[in-house]
Amino acid sequence: MDPMNLKSPFFEKTQHSTRVFHDEESATKKLSTQLLSLLPAQKDRPIVFVCIGTDRSTGDSLGPLVGTKLNEKKVSSFHIFGTLEEPVHAVNLKETLKHIQKLFPNPFIIGIDACLGRMKSVGSASLGIGPVKPGAGVNKELPPVGDIHITGVVNVSGFMEFFVLQNTRLHLVMCIADLIAKSIETAHNEREKEFNNSSGYQTVRHYKQ
């Protein structure tokens, strides 16, 4: 079996999108299983997480919180951009994406960002195929990010979105960030088991902007 192109039930495609709530039973397992099914089966293809947002806004801090939590976990074969210390936001997003393309050949990118949604979706995390579109909820023109995306619904959309993000409860954002980070860690560990920790794979955890 070629460890660089491993096929197993973990890499079989599941449904194209999934949504789980942070307090839902088996939420981490559901989200990590979906993530694992969407990651490339080639071990030598770089996997990059771009965690978008800023800690200057409570609701918009989801991405940097996830990035910071991932740096604290052992996800050494994933590449992390965007933390509380070095956030990826509207000002530096384009430059960060260019930097990633220069650093890595054919990277597989996962965009992570907060979003606003319907009341019944608040507190959930969603994972699906296609890029995240940062800034769309507050009328900012920013490049789409990711081959796949993970978003967390932190508050209700529809009126004064910028103000709503500023006044979102940090506790809820932390709960969603915990779910996303734990799910990514679980997917990473399962992936490493499948590859049997094959040697010779360069690992990088976090990059300064």
Output for Cβ contacts, cut-off 9 Å, separation at least six or different chains, first residue within 20 Å of I52 (Cβ to Cβ) in segment 152-165, second at pLDDT below 85 and β-branched (V, I, T), reads E161/V138; F162/V138; L165/V138
The correct count of residues that are assigned to a helix (DSSP H, G or I), closer than 23 Å to F195 by Cβ and among the aliphatic types (A, V, I, L, M) in segment 23-61 is 4
Taking segment 165-197 and keeping residues hydrophobic (A, V, I, L, M, F, W, C), surrounded by 19 or more Cβ atoms within 10 Å (Cβ to Cβ) and closer than 15 Å to D60 by Cβ leaves L165, L172, V173, I176, A177, I180
Using the structure shown, decide if L103 is in contact with a Leu (Cβ under 6 Å, 6 or more places away or on another chain) and more than 19 Å from V154 (Cα to Cα). no
Note: among G59, G67, just one is within 22 Å of L142 (Cβ to Cβ), at pLDDT below 95 and touching a Ser or Thr at 6+ places or on another chain (Cβ under 6 Å), namely G59
Of all strands (runs of 3 or more DSSP E) fully inside segment 69-181, the set with 2 or more residues that are within 30 Å of D44 (Cβ to Cβ) and more than 18 Å from the chain's Cα centre (by Cα) is none
Query raised in the report: Right, K69: under 30 Å from F195 (Cβ atoms), charged (D, E, K, R) and surrounded by 17 or more Cβ atoms within 10 Å (Cβ to Cβ) or not?
Result: yes
Of the residues in segment 97-122 that are crowded, with 21+ Cβ neighbours inside 10 Å and not aliphatic (A, V, I, L, M), the one that is modelled with the lowest pLDDT is C115
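The values are calculated or read from the model by the stated rules, or taken from the named source; none is laboratory data. Not measured: the values here are computed from a predicted model. Backbone-built Cβ (ideal geometry, glycine too); neighbour counts: all protein chains shown.
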